[in-house]
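The values are calculated or read from the model by the stated rules, or taken from the named source; none is laboratory data. Worth saying up front: this structure is predicted, and the values here are computed from it rather than measured. Note that we place each Cβ from the backbone using ideal geometry, even for glycine, and neighbour counts take in every protein chain shown. Side chains are part of the model used for accessible areas, which takes the heavy atoms of the whole protein and leaves out ligands, DNA and RNA. Shrake-Rupley method; radii C 1.70, N 1.55, O 1.52, S 1.80 Å.
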Amino acid sequence: MVPSVRSVPAPDALAAHLAGRYGLGFTGAVLLRSLVNDVYELAADDGARYVLKLYRYDGRHPDEIRWETGLSAHLRSAGVLVPSVVPLLDGDTVGLLDTPEGPRTFTLSSYVEGSKPEPPFTDGLYAAFGAQLAAFHNAAGNYTSPYFRRPADVAHRLDEPLEQILAVDNSEENLLRSLADAVRNNLAQYSKAGTCHGDVTLDNILLTNQGLL
C-alpha cells in the first residue's frame, strides 16, 4: 500500500467510532471543510449537534491543543462567549485518531447556531467586535496552564521561517533580511503581548442570539 500524506475519514464511520469514545449517540456526520485541518458536524440521537476538528498529521502536539482547550474553558468561566469543549469519556479534551498517515489529534465542541456577518459592516458591528476582543484579552491575561505551548515569538514567527525560505531560494536574501529587520525593530517598541488570537478577523466570528462569538 502506498503511504498516505493526507486522508479524509469517512463521516459515518467517524461518527460510529467517536460515539463509543465520547459516550454520545452520534447518528451521523457531515464533512464541512477540508483544508489544513478537517472539520465535521456530528448529529446525536437527542438532537444535539457538535463540531469535530481533526488536525492534520504531524502538526501540533496534543499538549499544545490541550493548552487551547484549557484557555477556552477559562474564557467561558470569565463570561466570554466561546463554544464549550466536550471531553472524552476519560476526561481528556484531546483525542488521537489512527489514520493511514499516522495518529491525528481531534477535539469536539458544542455546535453554535449563528450566522456570518456580511458586508456592508456597520459601526455597531465593529464596536461589538472590539469589545469582544477586549474581553478576550482581559480574561486571558491571568490564564495559566500545566501544558506547554510554544510561544509565538519573533524567533518562531520571523527568524525560523526566514531561514527556511532562504534555504530554498536566496536570490533576494538582502531584501528579505532588511524587511525582517524592519519588522523586528517595529515590534521592539511593544511590550510583551500576552495571549493573542492568531487570526482576528470578522470571518472568524458568528452573530448569535447571545452576541458575538
Quiz item: When the distances between all Cα atoms of segment 52-97 are binned every 10 Å from zero, what whole-number percent does each bin get?
Solution: 24, 54, 21, 1
Exercise. Just need the relative contact order of segment 38-135 here, percent rounded to a whole number, with Cα pairs under 8 Å and 6+ apart.
Key: 28 percent
Practice problem: Work out Dmax and Rg for segment 24-71 from the C-alpha atoms and quote the Rg first, both in angstrom. | Solution: 12.7, 35
Exercise. Please list 116, 53 in order of solvent-accessible area, largest first, computed with a 1.4 Å probe with all protein chains present.
Key: 116, 53
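Just from its helices, what would the mean residue ellipticity at 222 nm be for the chain, if runs of 4 or more DSSP H residues each count -39500 (n - 2.57) and the sum is divided by every residue, rounded to the nearest 500 deg cm²/dmol?
Numbers: 5 runs with 70 residues, N = 213.
Value at 222 nm, helices only: -10500 deg cm²/dmol.
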Quiz item: Can you list the HN-Hα couplings for segment 197-204, worked out from phi with the Karplus curve (6.51, -1.76, 1.60; θ = phi - 60°), rounded to whole Hz and with x for Gly and Pro?
Solution: 6, x, 8, 7, 9, 5, 5, 9
Exercise. Count neighbours as other Cβ atoms within 10 Å of each site's Cβ, and list the chymotrypsin sites (Phe, Trp or Tyr not before Pro) in segment 77-125 that are DSSP loop with at most 11 such neighbours.
Key: 121
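Kirkwood hydrodynamic radius (Cα pairs, Å) of segment 95-213? Could you put the intermediate results ahead of the total?
Values: mean 1/r = 0.0537 Å⁻¹.
Value: 18.6 Å, from the Cα pair sum.
Using only the alpha carbon atoms of segment 92-156, find the Kirkwood hydrodynamic radius as the inverse mean reciprocal pair distance, in angstroms to one decimal. Intermediate results must be reported in sequence, preceding the final value.
Working: mean 1/r = 0.0605 Å⁻¹.
For segment 92-156, the Kirkwood estimate is 16.5 Å.
P(r) tail for segment 46-143, what percent of Cα pairs lie past 21 Å?
Across segment 46-143, Cα pairs with separations above 21 Å total 49 percent.
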Practice problem: Net charge near residue 160: determine it from the other residues with C-beta under 15 Å of the C-beta of residue 160, scoring Lys and Arg +1 and Asp and Glu -1. | Solution: +1
Quiz item: What helices in the chain pass both tests, a Cα length along the helix axis of 24 Å or more and a mean Kyte hydropathy of 0.5 or higher, using whole DSSP H runs?
Solution: 123-140
Quiz item: Mind checking Rg over Rh on the chain, alpha carbons, Kirkwood formula for Rh?
Solution: 1.00
Quiz item: How long, wide and thick is segment 133-176, going by the Cα atoms along their three principal axes, in whole angstroms, largest first?
Solution: 45, 25, 11
Quiz prompt | Global size of segment 2-81 as Cα Rg and Dmax, reported in angstrom | solution = 14.5, 49
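Under a Cβ-only charge scheme (Lys and Arg +1, Asp and Glu -1), can you give me the dipole magnitude of the chain about the Cα centre, in debye to the nearest 20? Kindly include the intermediate steps, with their values, before the conclusion.
Working: 17 positive and 26 negative charges, 82 e Å.
Its charge dipole is roughly 400 debye.
Charges only on Cβ, +1 for Lys and Arg, -1 for Asp and Glu: so what's the dipole of segment 39-123 about the Cα centre, in debye to the nearest 20?
Values: 8 positive and 14 negative charges, 29 e Å.
In debye, rounded to 20, segment 39-123 gives about 140.
Find, among the chymotrypsin sites (Phe, Trp or Tyr not before Pro) in segment 147-196, those assigned to loop by DSSP (not H, G, I, E, B) with at most 12 other beta-carbon atoms within 10 angstrom.
Values: sites: 147, 148, 190; in loops: 147, 148, 190.
Hits after loop and neighbour filter: 148, 190.
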